[in-house]
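One structure below.
The values are calculated or read from the model by the stated rules, or taken from the named source; none is laboratory data. Quick caveat: nothing in here was measured; it's all calculated off a predicted structure. Every residue, glycine among them, receives a Cβ derived from its backbone with ideal geometry; neighbour counts consider all protein chains shown. Please note that ligands, DNA and RNA were not included when accessible areas were found on the heavy atoms of the full protein model with its side chains. Shrake-Rupley method; radii C 1.70, N 1.55, O 1.52, S 1.80 Å.
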Amino acid sequence: MNRAEKVLKLLDKNNIDAIYLTKESNVNYISGFTDEAANVIICKSGNFIITDGRFTELAENVCKGFEVVNWHLFDRNITKAIQSICLNNGIKKLGFEKSNLMFDKYQTLNELLGEDDITLVPTEDIIETLRYVKDEIEIENSKKACAIADKALELLLPDIKAGVSERELCAKLEYYMKINGAQAIGFETILISGTKTSLPHGKPDDKIIEKGDFVTIDFGAMYNGYISDMTRTFVIGQPSEKQLEVYNLVKEAQLVGLENMKAGAHATAPDIEIRKIIKKYEEFYYPGIGHGVGRDLHEQPFLGNYGTKTMEAGCVITMEPGIYIPGWGGVRIEDTVLIKEDGIEILTNFPKDLIIIEG
Ligand SMILES: [Mn+2]
């Protein structure tokens, strides 16, 4: 069964005739489209990719089993293109992604379709449910994205030193990813140093890296639409006792987190064990310790004390505990991990022992 056929089964379950997809990662997952600015409609009588003249040739080439609809040919009004597809295919109940349709678009669509007694039905996570477990091709893409990131960080090592700015180092890392095959960076790189490392998602700026700093690098590559996610923390010059203590605790916590990732384990399981390890610093621990990663940087399952899902073979998930002490600094160590039937495979392989960079 191909992906669009799987969607048809879910339409029945949701009591809708068709689904209108607007979320880029879902559109591309279902259709094979590789750019931005396309929407999809799936129904029993056909699959439609709705785009404009900039992308129609691409869509014809890559969206197998999809009819390409150029909405510019409908008075440059995408709503009219959608209306036409509904009328031609007997669609009376059209599902849409309720977390991904702007209010004004919804209003316009609702008004026009209403004239033909077509109802818009809000849906949630239909495609995301299919994306939860990755197939072999998706996993290969994730592995490649992880390998590119490993290589880029290795190349960056000689550049990490006192005297360079966070921005300069960040630019080099992103360059290394691209010359090693990344189609893009996976997300905005977090490359921060010194006391700023207490910000779990701090941004690089013109701060100069200095002796005594922690340097936290959280980054990823994108390959064929799939993102890798890895974090490593370095220290410039000999670490203080407390730096060593916090680093080693996080390293141990990350190991324990990995040990508690497996098919059948609940998303809350690693957090429970990690808290036992970092007890002394629990008030500085951030409970979001992992997330699925694929076409989107943050997907289900979310690992932490608020997790609701169960890990399954074929899930690609991060493990990234950290300790963040305001005004002092922080440490995070993160890997991207594939859940398998019989264990896990860590896809990011850069070493995790504290790397001390002679300042
Ligand atoms: Mn992450």
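Quick one: would you say I274 is within 16 Å of the ligand (Cβ to nearest atom) and under 18 Å from H201 (Cβ atoms)? Show your work before the answer.
Working: within 16 Å of the ligand (Cβ to nearest atom): yes; under 18 Å from H201 (Cβ atoms): no.
No.
If you scan segment 285-305, which residues turn out to be surrounded by fewer than 17 Cβ atoms within 10 Å (Cβ to Cβ) and either within 15 Å of the ligand (Cβ to nearest atom) or in contact (Cβ under 8 Å) with a residue 60 or more places away in the chain (or both)? Steps first, answer last, please.
If we filter segment 285-305 for residues that are surrounded by fewer than 17 Cβ atoms within 10 Å (Cβ to Cβ), which is where we start, we get 286-287, 298, 305.
Residues satisfying the conditions are Y286, P287, H298.
V246 fulfils the conditions (1) more than 19 Å from the chain's Cα centre (by Cα); (2) surrounded by fewer than 23 Cβ atoms within 10 Å (Cβ to Cβ); (3) of a type outside the set (S, T, N, Q) except for a single criterion, (2). Taking the residues in segment 208-237 that are farther than 23 Å from E154 by Cβ and not charged (D, E, K, R) as candidates, determine which candidate is surrounded by the fewest Cβ atoms within 10 Å (Cβ to Cβ). Only one residue fits best here, namely I208. Consider segment 183-198 and keep the residues that are assigned to a helix (DSSP H, G or I) and among the polar types (S, T, N, Q). The one that is least open to solvent (accessible area, probe 1.4 Å) is T197. Is it the case that some residue within segment 255-262 is surrounded by fewer than 18 Cβ atoms within 10 Å (Cβ to Cβ), within 16 Å of the ligand (Cβ to nearest atom) and farther than 30 Å from V164 by Cβ? Checking segment 255-262: at least one residue is surrounded by fewer than 18 Cβ atoms within 10 Å (Cβ to Cβ), within 16 Å of the ligand (Cβ to nearest atom) and farther than 30 Å from V164 by Cβ. Restricting attention to segment 129-151, the residues being more than 15 Å from A313 (Cα to Cα) and either among the polar types (S, T, N, Q) or open to solvent by 30 Å² or more (accessible area, probe 1.4 Å) (or both) number 5.
Picking from H266, H201, which residue would you name as being more than 16 Å from the ligand (Cβ to nearest atom), open to solvent by 10 Å² or more (accessible area, probe 1.4 Å) and closer than 21 Å to V337 by Cα? Walk me through it before giving the result.
Details: H201 fails: more than 16 Å from the ligand (Cβ to nearest atom).
Checking each option against the conditions leaves just H266.
Selection of segment 306-329 for residues being more than 22 Å from S25 (Cα to Cα), among the hydrophobic types (A, V, I, L, M, F, W, C) and either out of contact with any Gly (no Cβ under 9 Å at 6 or more places or on another chain) or more than 13 Å from the ligand (Cβ to nearest atom) (or both) yields I323, I325, W328.
Evaluation of V121 against the conditions (1) in a helix (DSSP H, G or I); (2) in contact (Cβ under 8 Å) with a residue 60 or more places away in the chain shows that the sole unmet condition is (1).
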